[in-house]
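> Have a look at this one before I ask anything.
Just so it is clear, none of the values below were taken in a lab; they were calculated from the coordinates. Source: prediction; values computed, not measured. No Cβ is skipped: glycine too gets one built from the backbone with ideal geometry, and neighbour counts run over all protein chains shown.
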Amino acid sequence: MILMNRKIWILLFVSSLSSCVGGKFSYSFDTGRQLDFSKGKWIFNKTESNSTIFDSELNVLAYNEFRKLLGDSLTDLNALRAKKMVPPKIEFELSKEALQQLGKDTGCQYLINTRGYIVSNGAGSISFDTGNGYYSASNQSSVSIAIYNLESGTLVSASQAVGKATAENSHFDDNKGVPSINSSAETLMLKAAKNLIRKYDKYRLDQ
């Protein structure tokens, strides 16, 4: 118990002395920023990412956020497979024919695909200014969303979010030896996904 309390105090002490790099985010819509979410049945496809640990967290987060937009109109693949013939895996990018066939097989009108990508974790969770000259490293990730109309077999929305936390210093800095606590690329990926999906809620046509 004493050892545990000591660790907690050490963490609090380090946090009080450190600077926090929470990350900056940018968002873009190639097409379909404004959608009507009041009509049709929507399929939530299992998310893709290059993070084996956080892929399931991305899947749960994205599903819950889209569920807030769509309510009972949203269904995931596991629920569909219990009563429909659905391929074992649905790719992020699909041909017109494959999309239309999926619509016929499921009776749904829209498909939501979400993909996360860890770009780098170069800054780590904690970085120190050593005072040995200029230093710069970053944690970065991206999230892409593609929404398809299954009846027409067309892409109706494509969007991206990029999250980046940069730790840097130079010999002109006065905070030498002070650690920076950086958001990991995995944390940035999850936050970017949440923020991007909430952009759809902000711009939706059926408000």
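> Checking the cross-link filter: which lysines have an alpha carbon closer than 21 Å to that of residue 46, excluding same-chain neighbours under 8 positions apart?
68, 83, 84, 89, 96, 104, 191, 194, 199
> Arrange 151, 57 by Cβ neighbour counts within 10 Å, fewest through most, would you?
151, 57
> Under 12 Å from the Cβ of residue 23, count the other residues' Cβ atoms, weight Lys and Arg +1, Asp and Glu -1, and hand me the total.
On the way: positive: 24, 164, 191; negative: 186.
Counting the neighbours of residue 23, the net charge comes to +2.
> Can you sort 47, 75 by how many other beta carbons sit within 10 Å, fewest first?
75, 47
> While we're here: With θ set to phi - 60°, apply the Karplus curve 6.51 cos²θ - 1.76 cosθ + 1.60 along the range 105-117 and write out the HN-Hα couplings as whole Hz, x wherever there is a Gly or Pro.
5, 9, x, 9, 9, 9, 10, 10, 10, 10, 9, x, 9
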